[in-house]
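Novice: Here it is: the structure, laid out below.
The values are calculated or read from the model by the stated rules, or taken from the named source; none is laboratory data. Predicted, not measured: the structure shown is a model, and the values here were computed from it. No Cβ is skipped: glycine too gets one built from the backbone with ideal geometry, and neighbour counts run over all protein chains shown. Areas reflect the complete protein model, heavy atoms only, side chains present, ligands, DNA and RNA absent. Shrake-Rupley method; radii C 1.70, N 1.55, O 1.52, S 1.80 Å.
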Amino acid sequence: MRSAYETPRTIFFLRAVWRRVAENVLRLFGVEPERTTLALTRTPPTPEDGLAAYDRLRRIFGAWQSESDQIDILQAEKWLASNEALDSIVADIKGRRHNQFRLLNSDRYHVDTLLDQADSIANALPDWDQANLQEMRRLHDLSSGLTHPELIDALEDALKHSESQWLETFELSERDGPRAAWAAQQPILENIFSLRRQLAAEPARRLGVAVSEVLLDEWNPHTRNSDIDRAIESAKTRYPHNLQGLAKELRDAPPPLPLPDVAEELQQKLFRHVLNAFLDAGGWDQAQLDHHDIEIDFTTLPNGFCWGTPNRIKLAIECYEDDVIRGLSNAMHECGHLLYLLALNRLPDAVKSQPVGRVNGYNTHEAAAMFFEQAGYKKRFFAITAPLIRSILHVDGPEWAPENLHALATRPDPHDMNWGTSELALPPNMAWRVLAERRILDEEMRVADLPRFWAETMQQFTGQPHDPDDFMVAESHWFDRQMGYFWAYQTGAIAASALHDALARDTPGLDQNAATLADYLRPYATFIEDRVFAQAGRFRPLILLEMASGTRPSMRTYLDRLGRLAEPGTGLHKNMQQNNQGADAKERMNVAFSRAPSDGSAV
């Protein structure tokens, strides 16, 4: 006798078969089936169908998220691995990426049909589940339609040694100059760009967007090229003027005193103290870490990062013997990433295993990191940390005074616009990278054109001549999986500045009574966890950041603060009473998802 459960399963199977038949018939006539066309071939789902579909989607995407978590763990291991260990790590990554692909694209699961059925009852779902369903749709759209899954292996093979090859070009640059280094980098990048373009071509066609926007959306959800264009145009009109004004202002100011070299082992002690202060400020004592089974692997490297999953985190702080202040700023940045990952452990259990319970775009991730990095540029920060630095590093002298340390951290050199020299250097460096990446992916420019494009764009922003022969790619993002990531740094910095303005408005006397570094960090940690971290993926990233700051983050306001060398929290962001003040969660959810993807862009 047939069970009561078999009949719905049979109906579901027959509907799926009928859909595939309809798709193939349409293709015979040269018509690519779309959701709107196929809707005519399906019986409208019942509410029971919709709920059953969403329950099945939760299981499928729970498995997908588990694979994603393991890939993130493996990725961090790959960055630290020896050449001997790379083969097994990359093989594991390949297998998990194929598992993800099968989960979202196999006829066994019919995820596209399940999404359509679940959409029919979306408005009846709780707000977290509505957001989860939206994120499921986005993830499926970004991975759908890949006709050659072997490209997954080809890309991972290309990336296996590309970062180590990129590092080798620095030795080549020191010996033979940047032009020789670029000659070695160019063929590696041509292959990676080609593979990324092939992988994104079909999702781009189905979504009706540019290839570059598929990769942009992967790291910066719902962001489109038009959003970036508006922000960059705003920067073009203001940045050169601000830079010229700063150059005049700083011309006659005495330079800060240089610092002596500091051994790496001493810097490690300082950065570990910073890490412990962050854990204290975020309420993460050892009991809490044990309760959530959290492991934090801490080290120092020439390139900093914080990567992994909410409970398996690798934290690397930049360390240069001749630049301890750069390392300190990076410690503040990476520990901001750390607090974001840790906070996801506090989400409800039903949320944590789902896409909605993970990082809400890397623009939000970078906003968290930049929020704390900017907190480390304030005078009060150095008043608190200068005695700590002198004690841990066993140093003394006028160069270690709070005023001098603050000047070293915050005074830009208008004639040195390399990324990482100061926050002032961020806008032109993100502009040329994002625009060049877009044009290469969309086949409007060749990889070989990068030196000329860099020189022209940097000169347009800074007014200073740049020689194409001086060009080489100085960071690893394109040589790894972070193609499409760069705009997250810029939107993160803009949003972080707006968040500082909101915290300063809401907290009179902020920083005045802080006696320790943990005391100083605590109000920042509480503010951003309540307003950003605890929301996870409940709202679209830029709309969440707008809600958290009470205003739309503005490139113009951000540049004005940089141009005045003003501290974070002294910007001109206005507190606008918008959709988020005093509204209940359901109302805010409806407003957030009623907006177009480009709405809420940081311009």
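Novice: At pLDDT below 90 and exposed (fewer than 15 other Cβ atoms within 10 Å of the Cβ): does that describe Asp599?
Specialist: It is false that Asp599 is at pLDDT below 90 and exposed (fewer than 15 other Cβ atoms within 10 Å of the Cβ).
Novice: Limited to region 376-406, what total is found for residues that are small (Gly, Ala, Ser) and either surrounded by 18 or more Cβ atoms within 10 Å (Cβ to Cβ) or modelled with pLDDT under 95 (or both)?
Specialist: Residues meeting the conditions: 1.
Novice: Scan region 286-323 residue by residue and report those that are acidic (Asp, Glu) and either more than 17 Å from Glu475 (Cβ to Cβ) or buried (at least 20 other Cβ atoms within 10 Å of the Cβ) (or both).
Specialist: If the condition is that a residue be acidic (Asp, Glu) and either more than 17 Å from Glu475 (Cβ to Cβ) or buried (at least 20 other Cβ atoms within 10 Å of the Cβ) (or both), then Asp290, Asp293, Glu295, Asp297, Glu318, Glu321, Asp322 are the ones that fit.
Novice: Quick test of your reading of the structure: Ala409 fulfils all but one of (1) open to solvent by 30 Å² or more (accessible area, probe 1.4 Å); (2) under 30 Å from Pro523 (Cα atoms). Name the failing condition by number.
Specialist: Result: Ala409 passes all but (1).
Listed here are the residues, each with its yes/no results for (1) in the same structural domain as Ala401 (by the TED database); (2) part of a helix (DSSP H, G or I); (3) within 29 Å of Tyr558 (Cβ to Cβ).
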residue	(1), (2), (3)
Pro260	yes, no, no
Glu265	yes, yes, no
Ala277	yes, yes, yes
Gln288	yes, yes, no
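Novice: Out of contact with any helix residue (DSSP H, G or I) (no Cβ under 6 Å at 6 or more places or on another chain) and either crowded, with 18+ Cβ neighbours inside 10 Å or under 12 Å from Trp307 (Cα atoms) (or both), is that true of Asp87?
Specialist: Criteria not met by Asp87.
Novice: Which residue pairs have Cβ atoms under 8 Å apart, sit 6 or more places apart or on different chains, and have a first residue in region 392-418 that is of a type in the set (Val, Ile, Thr) and a second that is outside any loop (DSSP other than H, G, I, E, B) and open to solvent by less than 30 Å² (accessible area, probe 1.4 Å)?
Specialist: Final answer for the pair search is Ile392/Leu270; Val395/Ile389.
Novice: Also: Note down all Cβ pairs under 8 Å where the first residue falls in region 229-242 and is hydroxyl-bearing (Ser, Thr, Tyr), the second is assigned to a helix (DSSP H, G or I) and open to solvent by 20 Å² or more (accessible area, probe 1.4 Å), and they're at least six residues apart or on different chains.
Specialist: Partner pairs satisfying both residue conditions: Ser234/Arg556.
Novice: What's the number of the only condition in (1) in contact (Cβ under 8 Å) with a residue 60 or more places away in the chain; (2) at positive phi that Gly537 fails to meet?
Specialist: (2)
Novice: Does Ala474 count as buried (at least 20 other Cβ atoms within 10 Å of the Cβ) and not β-branched (Val, Ile, Thr)?
Specialist: Answer is no for this residue.
Novice: Considering every residue within region 243-255, establish whether at least one is touching a Phe, Trp or Tyr at 6+ places or on another chain (Cβ under 9 Å) and assigned by the TED database to the domain that holds Glu321.
Specialist: yes
Novice: Residues that are over 24 Å from Gly563 (Cα atoms) and touching a helix residue (DSSP H, G or I) at 6+ places or on another chain (Cβ under 7 Å): does region 226-240 have at least one?
Specialist: no
Novice: Out of region 440-466, which residues are out of contact with any His (no Cβ under 6 Å at 6 or more places or on another chain) and under 29 Å from Gly304 (Cβ atoms)?
Specialist: Ile440, Leu441, Val447, Leu450, Pro451, Phe453, Trp454, Thr457, Phe461, Thr462, Gln464, His466
Novice: Condition check: of a type in the set (D, E, K, R), open to solvent by 10 Å² or more (accessible area, probe 1.4 Å) and over 30 Å from Asn132 (Cβ atoms). Does Asp530 satisfy that?
Specialist: Judged against the criteria, Asp530 is not a match.
Novice: Which of the numbered conditions does Ser194 fail, given that it passes all the others? Conditions: (1) modelled with pLDDT under 95; (2) outside the structural domain of Ala316 (by the TED database).
Specialist: Condition (1) is where Ser194 drops out.
Novice: (1) under 20 Å from Ile89 (Cβ atoms); (2) among the aliphatic types (A, V, I, L, M); (3) surrounded by 18 or more Cβ atoms within 10 Å (Cβ to Cβ): which one isn't true of Leu167, the others all being true?
Specialist: With (1) under 20 Å from Ile89 (Cβ atoms); (2) among the aliphatic types (A, V, I, L, M); (3) surrounded by 18 or more Cβ atoms within 10 Å (Cβ to Cβ) applied to Leu167, the lone miss is (3).
Novice: To continue, here is another question. For region 451-507, which residues satisfy the criterion of being over 18 Å from Met547 (Cβ atoms) and among the aliphatic types (A, V, I, L, M)?
Specialist: Residues satisfying the conditions are Ala455, Met458, Met472, Val473, Ala474, Met483, Ala488, Ala493.
Novice: Okay, next question. Which residue is most open to solvent (accessible area, probe 1.4 Å), if the candidates are limited to region 426-464 and must be among the small types (Gly, Ala, Ser) and either modelled with pLDDT of 95 or more or closer than 17 Å to Ser226 by Cα (or both)?
Specialist: It comes out as Ala448.
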